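What follows is one structure encoded as structure tokens, with my remarks underneath.
The values are calculated or read from the model by the stated rules, or taken from the named source; none is laboratory data. None of these values were measured; they are calculated from a predicted model. Note: ideal-geometry Cβ built from the backbone for every residue, glycine included; neighbour counts use all protein chains shown.
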Amino acid sequence: AYFTAALFGLSSKQMDGREKKRNFESAKRSVDHSTQYFRYYIQRTCGIVQDGMDDPASQTMRLKGDPMLSLVASIHLNEAMEQYIDREKKGGDHSLSLAYVRATILGLRKKVDKQWVSWVEDQIEWVKANPGVPVNGKRAGIFPSFSRFPVYLDHIVVCCREGKNNSYTPDFANIQVVSYYLQKIAGALLEALRVASERETTDQQYAANVMRMENTYFFSQQIKERGPEITSLFQKQLTKASAVCKQSTDAYLGWMIKREFKALHALFSHISRIRRDVGDKDVPIHIPRATFVKTLQKESNREVMKEKIATIYARMEKHLSEEGK
């Protein structure tokens with residue numbers, strides 16, 4: 001409203017160059033005057049002090065700035081900029097005044113973006129530290145950093161919806177700074193997971209695959225549940241998470257099959273080695289038919305198979321179900 005008031009009366013058709021210049025300068029003074037109120041409220045709500053304010057109170061406020069309100073302010077300011085485009089192609093002083101308003105809003109946005117981006121960088125360092133993840137990786141479950149991320153996205157949407165329709169969701173993907181840094185957090189989560197799964201202290205046979213499988217599955221499900229706007233924003237990270245989840249799930253299933261069907265796995269592994277080393281004809285020499293049939297009858301009858309498959313299914317359900325989280 002402040003900026004719109006500054007543009008009233010700028011559409012007069014018959015004005016010479018001098019009058020147009022005076023008209024623009026009048027609009028500029030009005031916009032500059034209005035900006036002081038924006039700066040005041042940004043300082044009050046986001047804790048962003050003006051450059052050159054070095055008194056103790058200002059320094060304290062600078063340290064306690066609110067990153068969430070800064071982000072919300074950035075999103076709203078970005079939407080406000082769309083209202084000051086010369087879509088009617090009037091040109092002249094009108095177009096110049098609109099451009100000045102956009103430049104002013106952009107200046108305000110840069111201040112709030114700086115506050116939020118600084119906080120994001122701190123969070124990325126926290127994510128990299130993998131807080132709450134056991135050294136050996138066993139029973140790690142969903143990492144604290146992974147569990148907090150979807151909640152943070154919900155918090156952003158709720159804050160932005162205040163005063164708007166409940167179906168409103170910001171178009172994050174088309175706000176360059178916001179989309180870049182939200183994707184950067186998501187990318188940091190997946191990278192921190194990779195580092196945790198590959199460190200020397202993590203059990204590589206079991207824990208590494210389980211932590212990758214659980215956390216990438218959780219990440220994919222949580223992002224997709226939050227609607228098309230959020231899903232499209234993190235499409236790149238979702239593709240990567242899905243690939244990691246599939247790879248780790250296959251590896252974990254292989255480990256469980258080997259664990260549950262020990263005798264069968266040992267038998268067929270032995271047969272494969274014989275075929276590879278000396279050929280098919282020597283298999284009956286090294287593994288008598290009676291031994292082969294006895295092992296199959298014992299380990300692959302209906303009841304035994306049913307029990308072992310149920311065990312595998314239960315373990316997968318524990319890792320990937322809502323109850324298992």
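Residues that are at pLDDT below 75, in a helix (DSSP H, G or I) and in contact with a Leu (Cβ under 7 Å, 6 or more places away or on another chain): does the stretch 295-314 have at least one?
Taking the stretch 295-314 and keeping what is at pLDDT below 75, we get 295-314.
Filter once more, keeping what is in a helix (DSSP H, G or I): 295-299, 302-314.
With the extra rule that they be in contact with a Leu (Cβ under 7 Å, 6 or more places away or on another chain), the set shrinks to 295, 299.
Yes, some residue in the stretch 295-314 is at pLDDT below 75, in a helix (DSSP H, G or I) and in contact with a Leu (Cβ under 7 Å, 6 or more places away or on another chain).
Please give the number of the condition residue 177 fails out of (1) touching a helix residue (DSSP H, G or I) at 6+ places or on another chain (Cβ under 9 Å); (2) at pLDDT 90 or above; (3) within 22 Å of residue 242 (Cα to Cα).
Of the numbered conditions (1) touching a helix residue (DSSP H, G or I) at 6+ places or on another chain (Cβ under 9 Å); (2) at pLDDT 90 or above; (3) within 22 Å of residue 242 (Cα to Cα), the odd one out for residue 177 is (3).
So, in the stretch 244-281, of the ones that are among the β-branched types (Val, Ile, Thr) and under 30 Å from residue 220 (Cα atoms), which residue ends up modelled with the lowest pLDDT? Give the derivation first.
Of the stretch 244-281, the ones among the β-branched types (Val, Ile, Thr) are 244, 249, 257, 271, 274, 278.
Within this subset, residues satisfying the condition of being under 30 Å from residue 220 (Cα atoms) are 244, 249, 257.
Values: 244: 94, 249: 87, 257: 76.
Here the answer is 257.
Counting just the residues of the stretch 120-139 that are without any contact (Cβ under 8 Å) to a residue 24 or more places away in the chain and in a helix (DSSP H, G or I), which one comes out surrounded by the fewest Cβ atoms within 10 Å (Cβ to Cβ)?
Taking the candidates together, the pick is 125.
Consider the stretch 146-163. How many of its residues are polar (S, T, N, Q) and either touching a Phe, Trp or Tyr at 6+ places or on another chain (Cβ under 7 Å) or not in a helix (DSSP H, G or I) (or both)? Before the answer, list the steps.
Going through the stretch 146-163, the residues polar (S, T, N, Q) turn out to be 147.
Now drop any that are not either touching a Phe, Trp or Tyr at 6+ places or on another chain (Cβ under 7 Å) or not in a helix (DSSP H, G or I) (or both), which leaves none.
So the answer is 0.
Pairs please, first residue from the stretch 221-234 and surrounded by fewer than 16 Cβ atoms within 10 Å (Cβ to Cβ), second anywhere and modelled with pLDDT under 90, Cβ atoms under 6 Å, 6+ apart in sequence or on different chains.
Going by the 6 Å Cβ cut-off, the qualifying pairs are 229/169; 232/173.
Collect the residues in the stretch 106-119 that are closer than 28 Å to residue 146 by Cα and either free of Cβ contacts under 8 Å to residues at least 12 places away in the same chain or surrounded by fewer than 21 Cβ atoms within 10 Å (Cβ to Cβ) (or both), keeping them in residue-number order.
Pass one, the stretch 106-119, residues closer than 28 Å to residue 146 by Cα: 112-119.
Within the stretch 106-119, 114, 117, 118, 119 meet the criteria.
Contact list please: Cβ distance under 8 Å, first residue in the stretch 250-274 and more than 16 Å from residue 285 (Cα to Cα), second residue part of a helix (DSSP H, G or I) and modelled with pLDDT of 75 or more, pairs at least six apart or on different chains.
251/209; 252/209; 252/210; 252/213; 255/209; 265/257; 265/258
Among the residues of the stretch 195-213, write down those that are exposed (fewer than 14 other Cβ atoms within 10 Å of the Cβ) and either in contact with a Ser or Thr (Cβ under 7 Å, 6 or more places away or on another chain) or free of Cβ contacts under 8 Å to residues at least 24 places away in the same chain (or both).
Result: 198, 200, 204.
Quickly run through the stretch 159-174 and pick out the residues that are surrounded by fewer than 11 Cβ atoms within 10 Å (Cβ to Cβ) and of a type in the set (Gly, Ala, Ser).
Answer for the stretch 159-174, where residues must be surrounded by fewer than 11 Cβ atoms within 10 Å (Cβ to Cβ) and of a type in the set (Gly, Ala, Ser): 163, 167.
Being surrounded by fewer than 11 Cβ atoms within 10 Å (Cβ to Cβ) and modelled with pLDDT under 75 is the filter here; which residues of the stretch 282-292 pass it? If you could, list the steps in order and put the result at the bottom.
Of the residues in the stretch 282-292, the ones surrounded by fewer than 11 Cβ atoms within 10 Å (Cβ to Cβ) are 285, 288-290.
Answer for the stretch 282-292, where residues must be surrounded by fewer than 11 Cβ atoms within 10 Å (Cβ to Cβ) and modelled with pLDDT under 75: just 285.
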